[in-house]
Amino acid sequence: MKYALFPGCAAKGATPELYASTMKVVGRLGLDIVELEAFNCCGAGVITEADPDLAYTLNARTLATAEKMGINNVMTICGTCQGILGGANKNLQEDEALRERINRALKDTTGLEYHGTVEVKHLQWILVKDFGVDELGKFITHPLHVSIAPFYGCYILRPSRATGFDDWENPTSLEKLIRAVGAYPVEYDGRTKCCGFPVLLEKDQISLSMVAQNVGEAKEKGSDAMVTPCPLCHMSLDIYQERAEDRLQQEHPDQTLGVPILHLPQLLGLAMGFSPKELGMKRHLVSPAPLIEKIQ
Amino acid sequence: MRVKITVQKFNPEVDQKPYPRDYFVEASRGMTLLSALLKIKAETDGTLTFRASCRAAICGSCAMQVNGSQKLACKLPLKEELEHHGKIEVGPMANMPVIKDMVVQMNPFWEKVRAVDPFLMTKDGAEVPTEALKDLHEKLHNADGCILCGACVSACTAYEVSSGFLGPAALAKAYRFQADPRDQAHLPRLEALQGPDGIWDCVRCVFCVQVCPKDVRPMEQIVRLRRLSIDAGFSDSVEARHITEFTKVVGKEGRLNEALLPVLMTWGNIKKMLRIIPLGIKMFFHGKTPFPFKRVPGADQVRAIFKYWEKAK
């Protein structure tokens, strides 16, 4: 199966280690991938707040580009891109009047037209369903034997009518992948909650509380690291973890955080024998050193 | 079929903490969770306490957590839930203090709904227009479908960490009146929602949209309130600038630049800027600040799309 890779802004911007580790892993697995070089931002739910038609047209451009290349599967590597681009796709496919209106704008500005034949799938879903967990197991040369807390983030699960892969109440795909790399999934409430990223700059008391709560709970349950399919969750949980710890310690002076946060392809890459350096782990603000030490 | 229902029992007057108790009911075909709870109360344990009234998903009394999610007991087929989860675990709604078993303190909920002035208002005490409008329902985007059950507030992740937040139910209710053309107090109501516990506290986690038993989609109504706010001129805050500057950056560059956005959002707000600078420096040294002036292929097409909608609106 051929996939058009939609990298998303974060993988090409503030989390380049996501892009690097993705390319290593999909290359090793031999997935047939063509990158959408001239991709645009999905809008992250923010452009929709300004103008829904504008956001639809931007996403229709992505979908129409893949369609024109003769590719029916778009691969995302960001939970937020998956939710926004995938959700837009669903509505464009189901609502003919909407598709017509958006296509008028798209044709007028780019000459493209979207016919609704594309499916948008996150790498996480592709590995579980298209590729298969058993097949993935054949590439695992360095089973990890550590406890990993899955952190799904919001948009890969909700709203379920737009995502429709995992059961939003009880998702299992991340747990399946954690087991596939020989690690142990940690059960905790925070796994389907919000990372706080969307209001980090304007309402940091809310975001930091969420980071402290989710990372704190994962740590309490014995996690050696957390893994997420969304680079925005990664930014929130990694970059802001130190501040969240400061906030936590105002009330509980003895509590510490310091839980390394992994992008999904980094977790897979480690178990395939790539070095932490190859997977860009030096770019993390929370040091992955204790985890690396434990798996070596 | 005999079904086990595990209920989280709690009477703060006598119990130190909540504890689970198992009940068994002979489930008839199509039996709802509410029917089962009523049966348990009648036949097994008269102390089992919950709110319920209409039994038809109209009154909104019987919202509770079932297997960890907010649901109306009267709308939930027991067998389906059991098949889905392999168990039936029932407890009170979250984010609200428990009075007894599944009965929670709803006063803060009502106070917040009242705080958004959930009624038609007129200027200068003029009489409120009462004529029914033909196409009103469409204009309200189903915000008028709310039955005030509290499921969305119980599921709200922002409310969980910031209990002052007005919350999804009150804000959906606010939108219902903002969208009503008969209301003449749009501006003052919007202004009140700009405060620290208003529309900008929502983290867009989509839980409220997911759990609402009436498809009110509170988060989508909050997004509409944000758009109305910016259009009405409440556009100078860091919160509003998150939307406008984000959109501008993508309109110019084709993609978002995470190094540029925080600067544009907080421009002129010294306190906020001082707070982000140390993190910005750390990110720079970890190779996490993308160069802001890179040429992105396809940006000209994106700019054309922006121009099209600018002209159309």
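FYI, it's all coordinate maths here, none of it is from the lab. Quick caveat, the model's predicted, so the values are computed rather than measured. Don't worry about glycine lacking a Cβ; one is built from the backbone with ideal geometry, like all the others, and counts go over all protein chains shown.
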In degrees, nearest 10, range 0 to 90: what is the angle between the Cα axis of helix B:299-312 and the longest Cα principal axis of chain B? 80
Highest-fluctuation residue, B:194, B:221, B:105 considered, GNM on chain B with Cα pairs under 10 Å: B:105
Pop a pseudo-label 7 angstrom from the Cα along the beta-carbon direction at both residue B:133 and residue A:277 and give the gap in nm to one decimal. 6.6
Let me have the 222 nm mean residue ellipticity of chain B computed from DSSP H runs of 4+ only, each contributing -39500 (n - 2.57), with the sum over all residues rounded to the nearest 500. -12000 deg cm²/dmol
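When a footprinting reagent is the concern and you count Cβ atoms within 10 Å, what order do B:19, A:114 take, fewest first?
Working: B:19 10, A:114 26.
Least crowded to most crowded, the residues run B:19, A:114.
Which value, in debye to the nearest 20, describes the size of the charge dipole of chain B about its Cα centre when Lys and Arg Cβ atoms bear +1, Asp and Glu Cβ atoms bear -1, and nothing else is charged? Please report the intermediate quantities before stating the final value.
Values: 45 positive and 35 negative charges, 196 e Å.
Here the size comes out at about 940 debye.
Per-residue mean of other chain beta-carbon atoms within 10 angstrom of the beta-carbon, peptide A:164-173? Please list the in-between numbers first.
On the way: counts 0, 0, 0, 2, 5, 8, 6, 0, 0, 0.
Counting Cβ atoms of other protein chains within 10 Å of each residue's Cβ and averaging gives 2.
Treat the count of other C-beta atoms within 10 Å as a stand-in for reagent exposure and order B:165, B:234 from fewest to most.
Arranged by neighbour count, lowest to highest, B:165, B:234 become B:234, B:165.
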On a full-extension model of 0.36 nm per residue, what is the gain between residue A:34 and residue A:220, subtracting their alpha-carbon distance, rounded to one decimal in nm? 62.8 nm
Could you sort out which of A:129/A:176; A:68/B:248; A:90/A:121; A:12/A:282 sit more than 19 Å apart by Cα distance in this structure? A:68/B:248
Would you tell me the mean number of C-beta atoms belonging to other protein chains that fall within 10 Å of each C-beta in A:205-212, as a whole number? 4
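Averaged across the residues of A:105-115, what count of C-beta atoms belonging to other chains lies within 10 Å of each residue's C-beta? Show your work: numbers first, answer last.
Details: counts 5, 4, 0, 4, 10, 7, 1, 1, 0, 0, 0.
The shielding value for this peptide is 3.
Please tell me the relative contact order of chain B in percent, rounded to the nearest whole number, where contacts are Cα pairs under 8 Å and at least six residues apart. Walk me through the numbers on the way to the answer.
Numbers: 455 pairs, mean separation 39.7, N = 313.
About 13 percent, as a whole number.
With contacts defined as alpha carbon pairs under 8 Å and 6 or more residues apart, what's the relative contact order of segment B:43-114 in percent? Write out the running numbers ahead of the final one.
Values: 82 pairs, mean separation 19.9, N = 72.
Taking the mean separation of contacting Cα pairs over the length of segment B:43-114, I get 28 percent.
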Could you size up the charge dipole of the protein assembly as shown around its Cα centre, putting +1 on the beta carbon of Lys and Arg and -1 on that of Asp and Glu, and report it in debye to the nearest 20? 620
What order do you get for B:4-14, A:168-178 when each peptide is scored by the mean count of other beta carbon atoms within 10 Å, highest first? A:168-178, B:4-14
Backbone HN-Hα couplings from phi across segment B:211-225 [Karplus 6.51/-1.76/1.60, Hz, Gly and Pro as x]: 8, 4, x, 10, 6, 6, 6, x, 4, 5, 6, 5, 4, 5, 5
Space enclosed by the convex hull of the alpha-carbon atoms of segment B:120-254, per residue, Å³: 134
Kindly express, to the nearest 10 degrees and within the range 0 to 90, the angle between helix A:16-29's C-alpha long axis and the longest C-alpha principal axis of chain A. 80
Positive-end extreme of charge dipole, chain B - chosen from B:24, B:102, B:155 (charges on Cβ): B:155
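Going by C-beta contacts inside 10 Å, put B:309, B:267 in order with the fewest on the left. Write out the running numbers ahead of the final one.
Details: B:309 20, B:267 12.
If I rank by nearby Cβ atoms, fewest first, I get B:267, B:309.
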What number, rounded to the nearest 500 deg cm²/dmol, is the helix-based mean residue ellipticity at 222 nm of chain A, given -39500 (n - 2.57) per DSSP H run of at least four residues and division by all its residues? -13000 deg cm²/dmol
Student exercise, segment B:69-120 dipole from Lys, Arg, Asp, Glu Cβ charges, in Debye to nearest 20: 80
